[in-house]
């Protein structure tokens, strides 16, 4: 019970919609700007209260002198290594709170995460944050051992899958499996079998989900992202980490070059559409970029107990 008690201070909490400028669309993230001193159990409980769709990010002091902040990410069921939309939300929150300031420039910081130290940027225009970016890790690609099961896991006929690209896996921080479809109507007809997603690569415990997608034009895709049950998320509205990995996968398939910029659309079938801009940096890493909009903010009072929060009967 002690690990679920609120610290003896007011704890600011925010809900931010990432990869959009329109409230109630994009991917919602919970943001706790002062995450120091919170237990893992309490972070998990707060994440469950703040966000019933995907991740909550806790901004903490870094352990390394080479970093400016430390970011921890929680779903309602577990801590995850990295989250793109929550990182974008955290950067905007730091800008709105005045902890990162600029005029007409991009301010760069380094964040500690469980996948390593990442370079983050917040672009200002007339003193207001306009775009946030995250340089992800060097991309990796791998074949999907369970590729033959992809159509069945998505609840689609085999004829829905594109014949010009292979089902494959990629990572620029987190592993995902990518399934190219022929038509946007195929994307709309997906009926996911979440329990079987991990069969796409059973040996990889770090596979975070499956990403079926279609091309809208040469440099624009539309996709959906589904996770295995262990993450507590059935479908993620707009997935920054998977968008970065998508670009790596498309380069491996010869559909993009390192000089191209990808516009990855996602979440429209859920009514939460958003857009991620993806490019390749000079050092060969993947960079994702997005906008965000605040939805609400409040405080968890020190007078609240775990019982009052409804965490335990």
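The values are calculated or read from the model by the stated rules, or taken from the named source; none is laboratory data. Only a predicted model underlies this, so the values are computations on that prediction, with no experimental measurement involved. FYI the Cβ positions are ideal-geometry reconstructions off the backbone, even for glycines, and counts take in every protein chain you see.
Applying the selection to the range 216-230, what residues are farther than 28 Å from residue 260 by Cβ and surrounded by fewer than 19 Cβ atoms within 10 Å (Cβ to Cβ)? Outline the logic, then answer.
First, pick out the residues of the range 216-230 that are farther than 28 Å from residue 260 by Cβ: 228-230.
Result: 229, 230.
Does any residue of the range 70-81 turn out to be modelled with pLDDT of 95 or more, within 18 Å of the chain's Cα centre (by Cα) and more than 22 Å from residue 26 (Cα to Cα)? Yes - at least one qualifying residue is present in the range 70-81.
Checking 22, 31, 88, 57 one by one, the residue that is within 26 Å of residue 293 (Cβ to Cβ), at pLDDT 95 or above and surrounded by fewer than 16 Cβ atoms within 10 Å (Cβ to Cβ) is 22 and no other.
Cβ-Cβ distances below 8 Å connect the following pairs, each with a first residue in the range 155-167 that is at positive phi, a second residue that is modelled with pLDDT of 95 or more and assigned to a loop (DSSP other than H, G, I, E, B), and a separation of six or more residues or different chains: 155/189; 155/190; 155/191; 155/192; 155/193.
Every residue in the range 70-79 that is touching a strand residue (DSSP E or B) at 6+ places or on another chain (Cβ under 8 Å) and surrounded by fewer than 21 Cβ atoms within 10 Å (Cβ to Cβ), please. Hits for the range 70-79 are 70, 79. Within the range 126-150, the set of residues being part of a loop (DSSP other than H, G, I, E, B) and either touching a helix residue (DSSP H, G or I) at 6+ places or on another chain (Cβ under 6 Å) or more than 26 Å from residue 196 (Cβ to Cβ) (or both) comprises 126, 127, 136, 137, 138, 139, 144, 146. Given the structure, is residue 207 within 20 Å of residue 144 (Cα to Cα), in the same structural domain as residue 170 (by TED's automatic domain parsing) and at pLDDT 95 or above? It is true that residue 207 is within 20 Å of residue 144 (Cα to Cα), in the same structural domain as residue 170 (by TED's automatic domain parsing) and at pLDDT 95 or above. Among the residues of the range 36-54, write down those that are in contact with a helix residue (DSSP H, G or I) (Cβ under 7 Å, 6 or more places away or on another chain) and either surrounded by fewer than 19 Cβ atoms within 10 Å (Cβ to Cβ) or not assigned by TED's automatic domain parsing to the domain that holds residue 12 (or both). If the condition is that a residue be in contact with a helix residue (DSSP H, G or I) (Cβ under 7 Å, 6 or more places away or on another chain) and either surrounded by fewer than 19 Cβ atoms within 10 Å (Cβ to Cβ) or not assigned by TED's automatic domain parsing to the domain that holds residue 12 (or both), then 39, 41 are the ones that fit. Answer yes or no: is there a residue in the range 255-270 that is under 21 Å from residue 74 (Cβ atoms) and crowded, with 22+ Cβ neighbours inside 10 Å. Within the range 255-270, one or more residues are under 21 Å from residue 74 (Cβ atoms) and crowded, with 22+ Cβ neighbours inside 10 Å. The single condition among (1) farther than 24 Å from residue 242 by Cβ; (2) in contact with a helix residue (DSSP H, G or I) (Cβ under 9 Å, 6 or more places away or on another chain); (3) without any contact (Cβ under 8 Å) to a residue 40 or more places away in the chain; (4) not in a loop (DSSP other than H, G, I, E, B) that residue 59 does not meet is (1).
In this structure, does residue 82 turn out to be in contact with a strand residue (DSSP E or B) (Cβ under 6 Å, 6 or more places away or on another chain) and under 23 Å from residue 171 (Cβ atoms)? I'd like the intermediate steps shown before the answer.
Working: in contact with a strand residue (DSSP E or B) (Cβ under 6 Å, 6 or more places away or on another chain): yes; under 23 Å from residue 171 (Cβ atoms): yes.
Criteria met by residue 82.
Listed conditions (1) closer than 17 Å to residue 133 by Cβ; (2) touching a strand residue (DSSP E or B) at 6+ places or on another chain (Cβ under 8 Å) are all met by residue 115, apart from (2).
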